[in-house]
Amino acid sequence: MFEAADAVVIGAGVVGLAVARALAMSGREVLVIEAEAAIGEGTSSRNSEVIHAGIYYPRGSLKARLCVRGRDLLYGFCARNGVAAEAIGKLIVAVTPEELPALQALVATAAGNGVDNLQPLDAAAARTLEPALHCEAALLSPSTGIVDSHGYMLALQGEAEAHGAMVVHRTRVLRGRVGVSGMLLDIADADGAEMTLSCRSIVNCAGHGAHAIARDMAGLDPCSIPPRYLAKGRYLTVSGASPFRHLIYPMPVPGALGVHVTLDLGGRIKLGPDISWVDEMDFTVEPEIIDGFRQSVRRYWPNVMERELELGYAGVRPKIHGPESSFADFMISGPEAHGIPGLVNLFGIESPGLTASLAIAEMVAGQIAGIAPAPSFSTN
């Protein structure tokens, strides 16, 4: 079967849904293709649900720019759409004198990104805010918050569909190729029935699957596809009431932000994530990590030793750098990068991808704004 499609978004995670919404609201007819039976089954449902302020990322990077822009858009979107979100703030802590210079350096990094509301605290001031905390000094980030990520994705889907977008589940992308007047995309439904879509625009938001889809796009230069790495992060839950009102973050470690204390919107506390580099998708949370988590967290929360820790969940971050490097930017590879009009591949959309999702969607929509819409599509 052969059908015409205007804009096809591959992947119904938080970024794919944000892109679909942006394109639909700009007047495009949008088809979202999702391999799973529900939205947000991948990275979007296995994270800390934190709204990041934009503190850590190199000045001028996409992560810095899109996080700060996306943070403001996200708080506004949640307020307008009744999505639970709260700017509860976080403390970034230095637990030894040796960590103080790095803590102070974060102030300059954040200011370079437009985050100018960090509040330095000495140990006494930090303990006034959080009596259970042990540290030499801290930074208070009032713009950091938490969000109901599933509620957010449902609201994105609702707005996208209200503007005519369609989300098709249990549908896989088999292959693609560049055609004479657009692109061709072969897809298959859950029963194996295949269809070819003639597309004006394709946005590859497939997360962990983005590399494979890009490699199977005939006519796309393989040099435009970055390496793929997998970084597993595990979470533990903590028994009892939380002693904290803010999120508590240690100093960052290479490739991650360290094992931190996160609260959900119900006030429940969890620890994580850690980071381990893996070769395949693995969501196991091993019991033997519990002692390591205790030892990491006791540096700034001594009383964690008195709490019962239980196995939580794990996520796998879609990175485009390995353990030998501490940073790689988002890679939003559009026509200017690879020369194919209407095609945008998104690689390495890890944290702060949730926070940045609406800003990423703005950028993607801008990259394909000049592609004329195609005739109406059909899935019959």
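Tell me which residues, restricted to the stretch 50-75, are in contact with a helix residue (DSSP H, G or I) (Cβ under 9 Å, 6 or more places away or on another chain), surrounded by fewer than 21 Cβ atoms within 10 Å (Cβ to Cβ) and under 18 Å from GLY89 (Cα atoms). Once the filter is applied, which keeps residues that are in contact with a helix residue (DSSP H, G or I) (Cβ under 9 Å, 6 or more places away or on another chain), surrounded by fewer than 21 Cβ atoms within 10 Å (Cβ to Cβ) and under 18 Å from GLY89 (Cα atoms), the stretch 50-75 yields ARG69, ASP72, LEU73.
Kindly establish whether SER357 is in the same structural domain as SER201 (by TED's automatic domain parsing), under 29 Å from ASP6 (Cβ atoms), of a type in the set (S, T, N, Q) and surrounded by 19 or more Cβ atoms within 10 Å (Cβ to Cβ). Before the answer, list the steps.
Details: in the same structural domain as SER201 (by TED's automatic domain parsing): yes; under 29 Å from ASP6 (Cβ atoms): yes; of a type in the set (S, T, N, Q): yes; surrounded by 19 or more Cβ atoms within 10 Å (Cβ to Cβ): yes.
So SER357 passes the test.
Residues that are surrounded by fewer than 21 Cβ atoms within 10 Å (Cβ to Cβ) and free of Cβ contacts under 8 Å to residues at least 24 places away in the same chain do occur in the stretch 219-232.
Counting just the residues of the stretch 1-29 that are in contact with a His (Cβ under 8 Å, 6 or more places away or on another chain) and over 14 Å from ARG170 (Cβ atoms), which one comes out surrounded by the most Cβ atoms within 10 Å (Cβ to Cβ)?
So the first thing to find is which residues in the stretch 1-29 are in contact with a His (Cβ under 8 Å, 6 or more places away or on another chain), and the list is 12, 21, 24-25.
If we keep only those that are over 14 Å from ARG170 (Cβ atoms) too, we end up with 21, 24-25.
Values: ARG21: 28, ALA24: 23, MET25: 17.
Within the stretch 1-29, the match that is surrounded by the most Cβ atoms within 10 Å (Cβ to Cβ) is ARG21.
Condition check: in a strand (DSSP E or B) and in contact with a strand residue (DSSP E or B) (Cβ under 9 Å, 6 or more places away or on another chain). Does ALA7 satisfy that? Outline the logic, then answer.
Details: in a strand (DSSP E or B): yes; in contact with a strand residue (DSSP E or B) (Cβ under 9 Å, 6 or more places away or on another chain): yes.
Answer is yes for this residue.
Pairing each residue of the stretch 188-212 that is closer than 13 Å to GLY176 by Cβ and surrounded by 16 or more Cβ atoms within 10 Å (Cβ to Cβ) with any residue that is at pLDDT below 95 and of a type in the set (Phe, Trp, Tyr), provided the two are 6+ apart or on different chains, yields C-beta distances under 6 Å for THR196/PHE2.
VAL107 meets all of the listed conditions (1) more than 23 Å from ALA214 (Cβ to Cβ); (2) outside the structural domain of GLU130 (by TED's automatic domain parsing) but one, namely (2). ALA314 falls short of the stated requirement of being touching a Leu at 6+ places or on another chain (Cβ under 7 Å) and of a type in the set (A, V, I, L, M).
Looking only at the stretch 26-78, which residues are in a loop (DSSP other than H, G, I, E, B) and of a type in the set (D, E, K, R)?
Initial filter on the stretch 26-78 (in a loop (DSSP other than H, G, I, E, B)): 26-29, 34-42, 46-49, 52-61.
Passing the criteria: ARG28, GLU29, GLU34, GLU36, GLU41, ARG46, GLU49, ARG59.
You will find that of LEU133, LEU118, the residue that is under 28 Å from the mean Cα position of the chain (by Cα), at pLDDT 95 or above and surrounded by 15 or more Cβ atoms within 10 Å (Cβ to Cβ) is LEU118 and no other.
Could you say whether any residue in the stretch 121-128 is assigned to a loop (DSSP other than H, G, I, E, B) and surrounded by fewer than 20 Cβ atoms within 10 Å (Cβ to Cβ)? Outline the logic, then answer.
Our first condition is that a residue be assigned to a loop (DSSP other than H, G, I, E, B); within the stretch 121-128, this holds for none.
No; the residues of the stretch 121-128 include none that is assigned to a loop (DSSP other than H, G, I, E, B) and surrounded by fewer than 20 Cβ atoms within 10 Å (Cβ to Cβ).
State yes or no: is PHE293 in contact (Cβ under 8 Å) with a residue 24 or more places away in the chain, among the aromatic types (Phe, Trp, Tyr) and in a helix (DSSP H, G or I)? Here the answer is yes, as PHE293 does meet what is asked.
Annotation: LEU184 fulfils all but one of (1) touching a Cys at 6+ places or on another chain (Cβ under 8 Å); (2) in contact (Cβ under 8 Å) with a residue 24 or more places away in the chain; the unmet one is (2). LEU265 meets the conditions (1) hydrophobic (A, V, I, L, M, F, W, C); (2) under 30 Å from TYR300 (Cα atoms); (3) in a helix (DSSP H, G or I) in every case but one. The failed one is (3).
Can you tell me which residue within the stretch 322-340, out of those that are among the small types (Gly, Ala, Ser) and crowded, with 17+ Cβ neighbours inside 10 Å, is nearest to the chain's Cα centre (by Cα)? Walk me through it before giving the result.
Filtering the stretch 322-340 down to residues among the small types (Gly, Ala, Ser) leaves 322, 325-326, 328, 333-334, 337, 339.
From the residues that got through so far, the ones that are crowded, with 17+ Cβ neighbours inside 10 Å too are 328, 333-334.
On the way: ALA328: 14, SER333: 17, GLY334: 19 Å.
Checking each candidate, the answer is ALA328.
Go through the residues of the stretch 304-321 one by one and say whether even a single one is surrounded by 12 or more Cβ atoms within 10 Å (Cβ to Cβ), assigned by TED's automatic domain parsing to the domain that holds GLU130, free of Cβ contacts under 8 Å to residues at least 24 places away in the same chain and not hydrophobic (A, V, I, L, M, F, W, C). Checked against the condition, which is being surrounded by 12 or more Cβ atoms within 10 Å (Cβ to Cβ), assigned by TED's automatic domain parsing to the domain that holds GLU130, free of Cβ contacts under 8 Å to residues at least 24 places away in the same chain and not hydrophobic (A, V, I, L, M, F, W, C), the stretch 304-321 yields no hits at all.
The values are calculated or read from the model by the stated rules, or taken from the named source; none is laboratory data. Quantities reported herein were computed from a predicted structural model and do not represent experimental measurements. Glycine gets a Cβ as well: all are built from the backbone with ideal geometry, and neighbour counts include every protein chain shown.
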